[in-house]
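Here's the structure, in structure tokens; my notes come after.
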Amino acid sequence: MSLLSLGAAPAAPAGKSLLDHLASGGPIGFVIILLSFVGVVLVIMHLVSVREGRLAPPHVIDELARRLQGGDIKGATEVCQHPDNDSFVTRVFAAALIRCRRSPFGLLELRTALEEAGQQQVSRLYRSTDGIGLIASVAPMLGLLGTVVGMVGAFDTISMTEGFARPDQLAGDISQALITTVLGLIVAIPATAVFTFFRNRIDAMTSGVGDVIEDLAALVENQNQSGPGQQRPGGAGAARRPAPQQQPQAGGPGVGGRAQ
């Protein structure tokens, strides 16, 4: 006689698998699962699009610096507007240079134009994370909705049952109530953490790209000050103004003949 046959307890029935638990969430649980896949796609898209090499491509920065150092503002604008050079830096500089070209103040307005265009582009990067933030907010509310729906179903079962309801009659509704809450939290907690991480990542990256934009703006200002025909107010152009003629003093030697 083997040891297994001596006092061996009968095998316990197998528990639910992961798929069975997920199926217990019902339609609301499937919606939460779908949101989790959408969140993963948004995270991958953000990691691919928001990188330092995409915000400020080195070859574009070199070409833009060469044009600006040579005083070719029109050529620099064309470089920024080329579809193949689309990036954070080129969008900021294109908007700033176009505004300066249309403004009566010219390149004197460059710093203000760069600052405003930069704020718009940073806001655009922030909006790329709004989808993740929305999932982080909606997922727990869907879980709460599933909980309420499951509890309503459980109470309906109790009301329609004569006498006491058996546990197996309430198991489905209670399972839905708990599973949807768990799914909502499982999706919301990582989404909230990723949303905060990406916001801080955008701040760090745009701060570094801002230094590059400052260097490029300095090239424009140097060319604007030292280039031909770009005289500053009060400079040589003002020095060539004709001096006012002095009026002869009354009673002086030039009036009334010789001095007495």
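Counting neighbouring beta carbons within 10 Å and listing from fewest to most, the residues 100, 80 come out as 100, 80. Relative to the Cα centre, the charge distribution of the stretch 25-226, modelled as +1 at Lys and Arg Cβ and -1 at Asp and Glu Cβ, gives a dipole magnitude of about 300 debye. Placing unit charges on the Cβ atoms of the charged side chains and taking the dipole of the stretch 25-226 about its Cα centre, the candidate lying farthest along the positive direction among 68, 104, 153 is 104.
Ranked for footprinting exposure by Cβ neighbours inside 10 Å, fewest first, 49, 87 give 49, 87.
Distance between the modelled labels on residue 207 and residue 44, one decimal in nanometres: 3.1 nm (7 Å Cα→Cβ projection). With the simple spin-label model, which puts each label point 7 Å out from Cα in the Cβ direction, the residue 134 to residue 109 separation comes to 3.5 nm. Fully extending the segment from residue 78 to residue 193 would add 37.4 nm, taking 0.36 nm per residue of separation and subtracting the current Cα-Cα distance. Tally Lys/Arg at +1 and Asp/Glu at -1 over every other residue whose Cβ is under 13 Å from the Cβ of residue 213; what's the total? Once positives and negatives cancel, what remains is -4. Cβ crowding within 10 Å ranks 37, 93, 30, 195 as 37, 30, 195, 93, fewest other Cβ atoms first.
Subtracting the Cα-Cα distance of residue 218 and residue 65 from 0.36 nm times their residue separation leaves 54.1 nm of extension gain. Using only alpha carbons, the stretch 25-226 has a radius of gyration to Kirkwood radius ratio (Rg to Rh) of 1.30.
We did not get these values from a lab; they are worked out from the coordinates using the rules stated. None of the values given here were measured: they were computed from a predicted structure. Neighbour counts are summed over all protein chains in view; Cβ atoms, including those assigned to glycine, are modelled from backbone coordinates with ideal geometry.
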